[in-house]
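The values are calculated or read from the model by the stated rules, or taken from the named source; none is laboratory data. Computed from a prediction, not measured in an experiment: that's the story for all the values here. Note that each Cβ is placed from the backbone with ideal geometry, even for glycine, and that neighbours are counted across all protein chains shown.
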Amino acid sequence: MISANRKVYEFKGFRLDGAQRRLLHHGRPVQLKAKIFDLLLFLVENRGQLVEKDDLMREIWPNTIVEENNITVSMSILRKRLGEDRAGREFIETVPRRGYRFVAEVTEISIEPKMPGSVPEPVFGETTPRDTHIDSLAVLPIHNAINDQNIEYLSDGIAESIINSLSQIPELRVLARSTVFRFKENEVNVQEVGKVLDVHAVALVRVIRLGENLIIRSELVKVSDGSHLWGAQYRPTPADLLEIQGEMAKAISESLKIKLTPPLQKLVTRNYTNNSEAYNLYLRGRYFWTKYTKDWVLKSIEYWLSPRLIIGSYH
């Protein structure tokens, strides 16, 4: 039993309980590593005030030699967990060369101590029914050991399309292409990658060529225990590729127990063109563009300026 009233802080849909070491967002647990949680709690407790970097070092990393870059990285992680982008100042304001200030409006609540015999609240980190909810996802294209650009551009493109589609779902945090594509290897440990990326589930997309035929295999894996949540295999014709990405995005959302409203389902399964050739040219151009060299960028422009793509009106 807690011997005295404890303070709980609420701000913009979040509920922060320092005594129970728990952060909720609209009632759902937000997983934070210990130091990141300490960082958030210290900022919230000193909300509205400038917190100097030296004070953060002494408070969060006592008796430890810490480089200033550690604070920057930790602050970046915290901002991402709160859903704030680098340009946003909804929660945390950066004061150049000095420190940070928590700027969101906070409501402070005092919780009465529980009487002996009452049922305790679950402690942050314990397994509860809510903890089974999956609200974060990484989508990875998996490549064969043989470097086949004709396969790689397709697996990259399908994975990116699914990322873009699922990112439309407000309650699902989907990692960006630039974050996840560095893990696109033939053999990956899904649980290890998921933990590094700090997500609850990982979706894998693999494209295989058998003669003149393509096979697309996809599966959804729960990071915490490695269990298989969903899987499918497709043997598409070129015209089918447009429909498959929408089907996969819808199947993944259903496997995550996310209920899509009719407008949201339409948005998630939306195709930006009905021309399969235009779609294929766009994916090829996108693939070479991300190589970030002059020759590859020029090659991507060739695809994107193709009259067949322009006629197909991919947008």
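Identification of helices (runs of 4 or more DSSP H) wholly contained in the stretch 217-295 with 3 or more residues that are touching a Phe, Trp or Tyr at 6+ places or on another chain (Cβ under 8 Å) and at pLDDT below 80 yields 276-289. List pairs: first residue in the stretch 195-224 and in contact (Cβ under 8 Å) with a residue 12 or more places away in the chain, second residue among the aromatic types (Phe, Trp, Tyr) anywhere in the structure, Cβ distance under 6 angstrom, at least six positions apart or on different chains. Within 6 Å, the pairs are ILE216/TYR234; LEU220/TRP230. VAL193 falls short of the stated requirement of being of a type outside the set (Phe, Trp, Tyr), within 15 Å of HIS133 (Cα to Cα) and assigned by TED's automatic domain parsing to the domain that holds LEU140. For PRO113, the conditions (1) modelled with pLDDT under 85; (2) under 19 Å from LYS222 (Cβ atoms); (3) part of a loop (DSSP other than H, G, I, E, B) all hold with the exception of (2). Counting only residues that are among the charged types (D, E, K, R), out of contact with any Leu (no Cβ under 8 Å at 6 or more places or on another chain) and either crowded, with 16+ Cβ neighbours inside 10 Å or under 16 Å from SER110 (Cα atoms) (or both), the stretch 12-21 holds 1 of them. Filter the stretch 236-268 down to the residues that are farther than 14 Å from ILE163 by Cα and basic (Lys, Arg) and list them by number. Correct list: LYS257, LYS259, LYS266. If you go through the stretch 184-214 and pick out every residue that is within 14 Å of the chain's Cα centre (by Cα) and within 11 Å of ILE142 (Cα to Cα), you end up with 1.
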